[in-house]
Every structure is written in C-alpha cells, then in structure tokens.
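J.: Pasting in a structure now, in structure tokens, and then I'll have a few things to ask.
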Number of protein chains: 2
Amino acid sequence: MHMSYERETSAGYLTNWAARLFARSLERRIGTGSGPMPVFFALQDGSTMTQKELVQVAAVEQPTMANTLNRMERDGLIVRTPDPDDRRSARIALTPLGLERAEAAFRAAVEVNDIATSALRPEERPAFHDMLRRVVSALERDGEPD
Amino acid sequence: MHMSYERETSAGYLTNWAARLFARSLERRIGTGSGPMPVFFALQDGSTMTQKELVQVAAVEQPTMANTLNRMERDGLIVRTPDPDDRRSARIALTPLGLERAEAAFRAAVEVNDIATSALRPEERPAFHDMLRRVVSALERDGEPD
DNA sequence: CTCATGTGCATAGCTTGCTATTGATGTGCA
DNA sequence: TGCACATCAATAGCAAGCTATGCACATGAG
C-alpha cells in the first residue's frame, strides 16, 4: 500500500503516466508519438526554421531534435536546405507529404486532448492548463544554476 | 505563433514537458530518472515481488520492467531469486544498497514534488492530483478495445 | 495422461528523451 | 588580420518508454 499511496499523490508519477498515455493515444492515431509534433506545428504554415529554432520552440535538447529531424527526413516529411546566411545551419521545411501528416497530426492532437480533458468540467480546463504551466515553470527554475 | 498557441493549451504537450522536467530534477539528485522509482517504493518494506507484479504496480509494459530490473541488478540494487511456486518467475528484492538508494529516492521524490507543487496554492494541490488522475483514467479508456 | 491454450519473461527493434564530446563555422576584440 | 571564445550541429552512449515475437512453463479439459 505504501507505494500505491505515493503513486496516487505524486505529481511526478501522475504526469509521467499521463504523458505516456497521451503518447500512446497519439501513436494509435498517426503512427507516431510526441517527438515530431512541435515540428509539424511550427512549420505547417509553410515557413522554414533552423534546427536551433526548432529546439527552442519544442523545448527539447539539440541531439533530440537532430534525431527527430533525421527520422522525419528519412520518412520524407521534411527537407533540409543549407542556410545561405550560416554554413553551420540548414533551414528545415515540411514536404507536401509532411504537410498532409501535419494536418492529420493536428486533428489527432485535438481529438486526444479532447478525450483527456473530457474528464474535466469546462471551468476546470483552463485551471488545469494553468497549473501545469506553473508546475513547469517551478521545475525549470529547479534546473537553473544557483 | 500558431504552434506556440497550441503548446500553451495542449494538455498533451504540457504533461510531456512537466514529466521530462520532473525526470530531470530527479536525475540531478539521485542519478537516475523515473524508471526504478516504483520498484524502490514497492520493495522498500523488505518484501519481494515478481516481475509481473511490479509491471502492474508501475503501470508499465513488461519489457520496460525487464530492462529496468536488469539495470538495477547490474548496479547491485536488487536480487532475483527463483520463485519456488512457478519456474517461469523470480522473486525480486532490494539489496541493502538498494534499500539505501530507495531512501534517497524517496527523499528526492518528496523534494521534487514539493518544488513542483510549490507553484500551486495549498487548496489547488489535491485538485491538481485529482484532475491528473481523471485525465489518466480517460486516456486509459481510450486505449481499450471497443 | 495428453494436448490445446494461457501465462511469464527474455529479446529484438524502434522512439523519444538526456548528457557529454567534438569539429566546423561565426563573432568580436586587440 | 589573428586569435580567443562562442555557436551550431553531428555523434556516442545511455535511460525509459513501447510493440512484436518466441520460448519455457503452467493450467485445465477431454
């Protein structure tokens, strides 16, 4: 009972569990998890970004984004074009296939979020998002140098 | 702005982000992330469990737990003893070193959860846990066969 | 007792995360 | 102009997740 008690009142455990279930629901619908989602969202308007910019908008580390982009390139979802202004960089854009997939991804994300938050009353939803954002901010500060 | 807007109102994104930050804060303190935590909690009272039982209490899939246990065994944190009642099974127990680490893990988990939820008002905390649990339940049902 | 079926766990392969390291390029100051 | 330092991205290695598959053992019905 001891562990079970901690599980039910551990925000750490519950967010990990929720995150895993979100990823699973997404995977069931579009065959992929959370990794490419920020890329889809950022580039679905037809714009381009560098890897570094995508790292920032996705709030992941650089090698994570490098690997995600490698997989997306492998699957024909993105193209990388050398950046004319900086030879260390490429500009990343979605392919036509990538744009299709982005649409499907957006629809799936909306659907899964609706299912998840269907368990909340309408007035609870903004509160839930707000609390999550505050938890994120607190934990980000925990990772900063003193 | 489009993606950023989605991010701020996507429970899926926010839980993933929070879960990653929780794991990072834990890793900074005890050198490991969330994987072994349910094992520590389940066995810190000196009891033993089978891998299957640990799969259930941790709410992860069997190969995940197999791999986690392999790592813990490698690091001298657990011992596996063949189950006298079932030759397919071993009973898993924490070593003395494992018990020490479980204590440290528990303290770190409490500290990180306190930091995270310090951003919430006292009356918001049970509500937050409750909402997370409801989100989890809704998503679990999404994964069930029709 | 035999055998069909179920169960527990190992393993393979992949995704999505991270830290650490390295090499190429860019920047700014003396 | 040269050089110290910063920046961008590739790569290595590992953890923690998942699905799929296969083998050994357990179970229950005929």
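Nothing in this text is a laboratory measurement; each read-out follows from the coordinates by a stated rule. Just so you know, these numbers come straight off a predicted model, no measurement behind them. Please note: Cβ atoms are built from the backbone with ideal geometry, for glycine as well, and neighbour counts cover all protein chains shown.
J.: Rounded to the nearest 500, what is the 222 nm mean residue ellipticity of chain A from helices alone, with -39500 (n - 2.57) per DSSP H run of 4+ residues and division by all residues?
T.: Numbers: 7 runs with 97 residues, N = 146.
Only helices count here, giving -21500 deg cm²/dmol.
J.: Can you give the FRET efficiency for A:Ala66 and B:Ala104, using 1/(1 + (r/R0)^6), R0 = 35 Å, r = Cβ-Cβ distance, to the nearest 0.05? Walk me through the numbers on the way to the answer.
T.: Values: r = 33 Å, r/R0 = 0.96.
The pair A:Ala66/B:Ala104 has a calculated efficiency of 0.55.
J.: Take every residue in peptide A:18-31, count the Cβ atoms of other chains within 10 Å of its Cβ, and give the average of those counts. Display every interim value, and only then the final one.
T.: Values: counts 15, 13, 9, 12, 12, 5, 4, 6, 1, 0, 2, 1, 0, 0.
Counting Cβ atoms of other protein chains within 10 Å of each residue's Cβ and averaging gives 6.
J.: Averaged across the residues of B:103-110, what count of C-beta atoms belonging to other chains lies within 10 Å of each residue's C-beta?
T.: Working: counts 0, 0, 0, 2, 0, 1, 5, 3.
Counting Cβ atoms of other protein chains within 10 Å of each residue's Cβ and averaging gives 1.
J.: A further question follows. Report the dimensions of the protein assembly as shown along its three principal axes from the alpha-carbon atoms, largest first, rounded to Å.
T.: Computed over the Cα atoms, the extents are 64, 51, 41 Å.
J.: Take the alpha carbon gyration tensor of region A:42-110, find the square roots of its eigenvalues, order them as a ≥ b ≥ c, and report rounded if a/c is under 1.5; if not, report prolate when a/b exceeds b/c, else oblate.
T.: Working: a/c = 1.78, a/b = 1.43, b/c = 1.24.
Here region A:42-110 falls in the prolate category.
J.: Can you list the residues, at least 5 places off or on another chain, whose amide H is less than 5 Å from the amide H of A:Ala90, using H built in the peptide plane?
T.: Here A:Gln51, A:Asp83 satisfy the definition.
J.: Take the alpha carbon atoms of region B:40-71, find their center, do the same for region A:67-146, and report the distance between the two centers in whole angstrom.
T.: Region B:40-71 and region A:67-146 have Cα centres spaced 32 Å from each other.
J.: Follow-up question, since we're still on this one. Residues in region A:92-112 near a label at A:Val79, defined as backbone nitrogen under 20 Å from the 7 Å Cα→Cβ point?
T.: It comes to A:92-103, nothing else.
J.: How fast does region B:1-95 diffuse by Stokes-Einstein, in µm²/s, taking the Kirkwood radius from C-alpha pairs at 4 °C and 1.567 mPa s?
T.: Numbers: Rh = 15.1 Å.
The estimated diffusion coefficient comes to 86 µm²/s.
J.: Shielding by partners for A:83-90, please: the mean number of other protein chain Cβ atoms within 10 Å of each residue's Cβ.
T.: On the way: counts 0, 0, 0, 0, 0, 0, 0, 0.
Average neighbour count from other chains, rounded to a whole number: 0.
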